[in-house]
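Written out below as structure tokens is the structure these notes cover.
The values are calculated or read from the model by the stated rules, or taken from the named source; none is laboratory data. Just so it is clear, the structure is predicted and the values come from calculations on it, not from any experiment. FYI the Cβ positions are ideal-geometry reconstructions off the backbone, even for glycines, and counts take in every protein chain you see.
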Amino acid sequence: MPETEERVNVDLHNHLGRNGGKLEPNKVVDIAYGRLGPGGVFGVVNSNPDDYRYERFVDSIEYEKHEIGDLRNGVYIPSKNITIIRMQELTKGEGHLLIGGLKRGFNLKERKSLLDSLKEAEDNNTAKILVHPFSKKGAGRYLEKLHNDYQWNLDSFRFGDCAREGVSLILGKGEHDPILDYLKHLDAIEVLNSQASWNANADALIFYRMLKKEFSDLDIGMCSFSDSHSGFHVAKSSTPIPRLDITSSETLVSSMRSGIRGVKHFGDLHFESLRIAAFKHAVNMITGKGIFLRE
């Protein structure tokens, strides 16, 4: 990114609890503004096709607000100079996919495979981010295996070991790494997630750097997000990108996509761990009793 380009901090991965969180929406906005600063952006994530917490959250904000474009896929709050984007997390298939910019009131259905989810998200012109890839149920190990199996088969073919079972796959499909079928749809990979373990984040960064080394022309960014499940923890982690263009719903999405694709340097990311908060969230989910009110 050019040094002269104005950048703002974004945290697109916030769940805020199943009912939108225990804080008043205005207070959540205040917290986000305090951490992200002027021009900041945070996402509120609908966690399944029947979840509309983004809609409930923004409708409850008392600050003056302006919905963005005909899709109403974000809101701008002038008094705080902050933007809130409608996000959705798809959790079926081989890993979790965070998408951004869908029309208000419309969620994608869960698909059986990550690739099907990526294709449908692409068809609906959304930002697409692979989140916590090496945490439980993340897609990292699956994609890593796809790539490694392909390389093993290819190496076997190149060295003339045609008796190996995998060689017929190479001959049948040509020299095309199947991981590229997934990567070509992605805008970014979340290499730092505040809820993830240190090892999971380290593996995500190693995976990202491997991809950049193996595929030098790959245009995928890296990002750091909070994955917060409480309004108290919104915007704990963030990623700097050029200021979003909120002229229309379409420019909102296109500037978000180009912005996160452009983040290639780990040193640009801001990260704070929420591992204790993750433990409390897990207990609350398991017991259903809200033992820890401040997740």
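Pairs are defined by a Cβ separation below 8 Å, a sequence spacing of at least 6 or placement on different chains, a first member in the stretch 231-248 that is in contact (Cβ under 8 Å) with a residue 40 or more places away in the chain and aromatic (F, W, Y), and a second member that is crowded, with 24+ Cβ neighbours inside 10 Å and part of a strand (DSSP E or B); no pair meets this definition.
Inside the stretch 197-227, residues that are farther than 24 Å from W152 by Cβ, at pLDDT 95 or above and not in a helix (DSSP H, G or I) make up a count of 8. Scan the stretch 112-147 for residues that are of a type in the set (S, T, Y), in a loop (DSSP other than H, G, I, E, B) and closer than 15 Å to I179 by Cα and jot them down. Scanning the stretch 112-147 gives a single hit, S113. Filtering the stretch 22-38 for residues that are of a type in the set (D, E, K, R), more than 27 Å from G267 (Cα to Cα), surrounded by fewer than 24 Cβ atoms within 10 Å (Cβ to Cβ) and at pLDDT 95 or above leaves a non-empty set. Note on the stretch 228-257: residues that are in a helix (DSSP H, G or I) and not β-branched (V, I, T) total 10. Condition first: among the polar types (S, T, N, Q) and in contact (Cβ under 8 Å) with a residue 12 or more places away in the chain. Can you find one or more residues in the stretch 198-217 that meet it? Yes. Restricting attention to the stretch 12-43, the residues being out of contact with any helix residue (DSSP H, G or I) (no Cβ under 6 Å at 6 or more places or on another chain) and assigned to a helix (DSSP H, G or I) number 10.
I260 meets all of the listed conditions (1) in a helix (DSSP H, G or I); (2) among the β-branched types (V, I, T); (3) modelled with pLDDT of 95 or more; (4) surrounded by fewer than 22 Cβ atoms within 10 Å (Cβ to Cβ) but one, namely (4). Scanning the stretch 196-239 for residues that are closer than 26 Å to R86 by Cβ and surrounded by fewer than 16 Cβ atoms within 10 Å (Cβ to Cβ) yields one hit, D219. Checked against (1) under 15 Å from D187 (Cα atoms); (2) crowded, with 24+ Cβ neighbours inside 10 Å; (3) basic (K, R), K119 meets all criteria but (2).
Quick grid of which residues meet (1) touching a residue at least 12 places away in the same chain (Cβ under 8 Å); (2) part of a strand (DSSP E or B); (3) among the hydrophobic types (A, V, I, L, M, F, W, C); (4) surrounded by fewer than 16 Cβ atoms within 10 Å (Cβ to Cβ):
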{"residue": "V45", "(1), (2), (3), (4)": "yes, yes, yes, no"}
{"residue": "Y54", "(1), (2), (3), (4)": "yes, no, no, no"}
{"residue": "D59", "(1), (2), (3), (4)": "no, no, no, yes"}
{"residue": "E64", "(1), (2), (3), (4)": "yes, no, no, yes"}
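Which of the residues that make up the stretch 163-180 are part of a loop (DSSP other than H, G, I, E, B), at pLDDT below 80 and on the phi < 0 side of the Ramachandran plot? Talk me through it step by step, then tell me what you get.
Of the residues in the stretch 163-180, the ones part of a loop (DSSP other than H, G, I, E, B) are 163-166, 174-179.
When the remaining residues are screened for being at pLDDT below 80, the result is 163-166, 174-175.
Passing the criteria: A163, R164, E165, G166, E175.
Name the single residue, out of those in the stretch 263-295 being part of a helix (DSSP H, G or I), over 18 Å from S237 (Cβ atoms) and among the hydrophobic types (A, V, I, L, M, F, W, C), that is modelled with the lowest pLDDT. If we take residues in the stretch 263-295 being part of a helix (DSSP H, G or I), over 18 Å from S237 (Cβ atoms) and among the hydrophobic types (A, V, I, L, M, F, W, C), then M285 is modelled with the lowest pLDDT.
Out of curiosity, is G101 buried (at least 16 other Cβ atoms within 10 Å of the Cβ), at positive phi and free of Cβ contacts under 8 Å to residues at least 60 places away in the same chain?
Numbers: buried (at least 16 other Cβ atoms within 10 Å of the Cβ): yes; at positive phi: yes; free of Cβ contacts under 8 Å to residues at least 60 places away in the same chain: no.
So G101 does not fit the description; no.
Of everything listed in (1) without any contact (Cβ under 8 Å) to a residue 24 or more places away in the chain; (2) surrounded by 18 or more Cβ atoms within 10 Å (Cβ to Cβ); (3) not small (G, A, S), the single unmet condition for K80 is (1).
Out of everything in the stretch 181-195 that is in contact (Cβ under 8 Å) with a residue 12 or more places away in the chain and part of a loop (DSSP other than H, G, I, E, B), what residue ends up being surrounded by the most Cβ atoms within 10 Å (Cβ to Cβ)?
Q195
Test T126 against the criterion of being crowded, with 20+ Cβ neighbours inside 10 Å, among the hydroxyl-bearing types (S, T, Y) and out of contact with any His (no Cβ under 7 Å at 6 or more places or on another chain), and give yes or no.
Details: crowded, with 20+ Cβ neighbours inside 10 Å: yes; among the hydroxyl-bearing types (S, T, Y): yes; out of contact with any His (no Cβ under 7 Å at 6 or more places or on another chain): yes.
The answer is yes for T126.
Taken together, G231, G221 contain a single residue that is out of contact with any Cys (no Cβ under 7 Å at 6 or more places or on another chain) and either over 20 Å from L97 (Cβ atoms) or of a type in the set (D, E) (or both), which is G231.
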